[in-house]
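**Student:** Just dropping this structure here.
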Amino acid sequence: QVQLVESGGGLVQAGGSLTLSCAASGFPFRSSSMSWYRQPPGKQRDLVATISPLSDRTNYANSLKGRFTISRDNSRNTVTLQMRNLQPEDTAVYFCHRPTGSYWGQGTQVTVSS
């Protein structure tokens, strides 16, 4: 079955960096677009970034361009989100998502202290 397992979340000070990883299994990863979403406390879940199967296309939420970078390794079935200059407003649960079939990981908490 489809499994998406996120890792790499944690507590970081404002201005710091974190890298999230998502390990995927149970589906043809190298032919699947993948996305990261985030859900701040008490708010809706919003798209962070999407990457095409061959990494030739990426798409970011406008407010995150330049600070967040999505990438993937099709040989390891992983998708990564590098986050730089984190701010308290980036505090959220971050989810890995496979758009086809709308599969979600369990999420990983990112907390940015001021």
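The values are calculated or read from the model by the stated rules, or taken from the named source; none is laboratory data. Here the structure is a predicted model, which is why all the values come from computation and not from measurement. All Cβ positions, even for glycine, are placed from backbone atoms using ideal geometry, and neighbour counts span all protein chains on display. Keep in mind that these areas ignore ligands, DNA and RNA; they rest on the heavy atoms of the full protein, side chains included. Shrake-Rupley method; radii C 1.70, N 1.55, O 1.52, S 1.80 Å.
**Student:** Tell me yes or no: at least one residue of segment 2-13 is at pLDDT 95 or above, open to solvent by 50 Å² or more (accessible area, probe 1.4 Å) and closer than 11 Å to residue 97 by Cα.
**Tutor:** Scanning segment 2-13, I find at least one residue that is at pLDDT 95 or above, open to solvent by 50 Å² or more (accessible area, probe 1.4 Å) and closer than 11 Å to residue 97 by Cα, so the answer is yes.
**Student:** Only residues that are among the aromatic types (Phe, Trp, Tyr) and more than 19 Å from residue 13 (Cβ to Cβ): list them for segment 63-114, please.
**Tutor:** If we filter segment 63-114 for residues that are among the aromatic types (Phe, Trp, Tyr), which is where we start, we get 68, 94-95, 103-104.
Hits for segment 63-114 are 95, 103, 104.
**Student:** Let me ask something else about it. I'm trying to understand the selection: among the residues of segment 54-76, which are within 18 Å of residue 31 (Cβ to Cβ) and in a loop (DSSP other than H, G, I, E, B)?
**Tutor:** 54, 55, 56, 57, 74, 75, 76 - these are the residues of segment 54-76 that are within 18 Å of residue 31 (Cβ to Cβ) and in a loop (DSSP other than H, G, I, E, B).
**Student:** So which residues in segment 77-99 are under 18 Å from residue 24 (Cβ atoms), not hydrophobic (A, V, I, L, M, F, W, C) and not in a loop (DSSP other than H, G, I, E, B), if there are any at all?
**Tutor:** Scanning segment 77-99 gives 78, 80, 82, 94, 97, 98.
**Student:** I'd like to check something: does segment 52-64 contain any residue that is open to solvent by 40 Å² or more (accessible area, probe 1.4 Å), farther than 15 Å from residue 99 by Cβ, polar (S, T, N, Q) and touching a residue at least 24 places away in the same chain (Cβ under 8 Å)?
**Tutor:** no
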